[in-house]
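Asker: For reference, the structure I am asking about is given below.
The values are calculated or read from the model by the stated rules, or taken from the named source; none is laboratory data. Because the structure is predicted, anything quoted here is derived from the model rather than measured. Ideal geometry is used to build each Cβ from the backbone, glycine not excepted, and the neighbour counts take in all protein chains shown.
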Amino acid sequence: MGKKVKRGQVELNPMGIKTISDHEIKIILRGADDLIMSGGRTMLAKILAGSKDQRILERGMEHSPVYGAFQGTSQKEILAMVDWMIIHDYLAIEYDFGIPLLVYTDKGWEIERETYTEELFIKLLEAAEYQEYEFVETLKDLDRRMIFLLLDKIADSGNKDFIVILNAWHSFEYKKVKSRIEEVIEVLEQAKGDINKKPKEETISFSANKKWLSIPAETRKSLERNVWCSNCCDVVQIENYTVKESKYGIVLHGTCKTCGHEVARVID
Ligand SMILES: [Zn+2]
């Protein structure tokens, strides 16, 4: 048993945890995003544990991309990790009418902003791919610095697929963001060919991969062998695939084992 640390009214107990990996830190911070000034440590531990607690489901928190990310670890141990995060100044507690709620510290927010931007980058790319241009409306009131970070990332990607959705986004935005969007469109228009830099898969895939892996191995195998290839005009086996999230469920993107043509399969 570790030493208990008293902070305000909340008793923190990191249970002797020495260190937490960067990846775990990112996950915990991502989980906290839905709870800032609206939920506390226990709620965060429940999200990460994938708890079916009514209070989680009522607030739709099972949709967090890190819901169940620490499945298999006890809620008590996860809570200890959360407490470690508070003691190490990634998260803090603020009281609202005596109720302890989570907030980001500057240090924590700097990391979370990066994670969240990465996620938005992927979502925006998917929205462009599936022509869901209304997605840009959700960007309007986000943290301004994060939006500029996102636009930098898009400019760096050199990916022309973003141009159409950037035009849609442009029509919604305030002046400062508008002119940055114009600059980015110009950069992309001048980008040579299809650089199509692949974004880091790590951030997005934790939820899609988890859903995929929750399907029994036998079923997964038969799904892999049951993919339509438009080039072969036949049902083929998919290989070298990645798992992504989409509006319709998770999607496998890969190549046909027979001819190498790109194939995809939605798992709903
Ligand atoms: Zn084929």
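Asker: When you go through Gly254, Gly249, Gly260 one by one, which is the residue that is at pLDDT 90 or above and within 25 Å of Ala127 (Cβ to Cβ)? Don't jump to the end; show me each part of the working.
Answerer: Numbers: Gly249 fails: at pLDDT 90 or above; Gly260 fails: within 25 Å of Ala127 (Cβ to Cβ).
Going through Gly254, Gly249, Gly260 in turn, the sole match is Gly254.
Asker: What number goes with the only condition from (1) in contact with a helix residue (DSSP H, G or I) (Cβ under 6 Å, 6 or more places away or on another chain); (2) crowded, with 16+ Cβ neighbours inside 10 Å that Asp89 does not pass?
Answerer: Result: Asp89 fails condition (2) only.
Asker: Okay, moving on. Given the structure, is Met81 assigned by TED's automatic domain parsing to the domain that holds Ile17 and free of Cβ contacts under 8 Å to residues at least 60 places away in the same chain? Break it down into steps so the answer makes sense when it comes.
Answerer: Numbers: assigned by TED's automatic domain parsing to the domain that holds Ile17: yes; free of Cβ contacts under 8 Å to residues at least 60 places away in the same chain: no.
The answer is no for Met81.
Asker: Take the residues in region 115-165 that are under 20 Å from Asp34 (Cβ atoms) and of a type in the set (Val, Ile, Thr); name whichever of them is surrounded by the fewest Cβ atoms within 10 Å (Cβ to Cβ).
Answerer: Taking the candidates together, the pick is Thr138.
Asker: Out of Ile99, Ile165, which single residue is assigned by TED's automatic domain parsing to the domain that holds Leu35 and either in contact (Cβ under 8 Å) with a residue 60 or more places away in the chain or on the phi < 0 side of the Ramachandran plot (or both)?
Answerer: Numbers: Ile165 fails: assigned by TED's automatic domain parsing to the domain that holds Leu35.
Exactly one residue qualifies, and that residue is Ile99.
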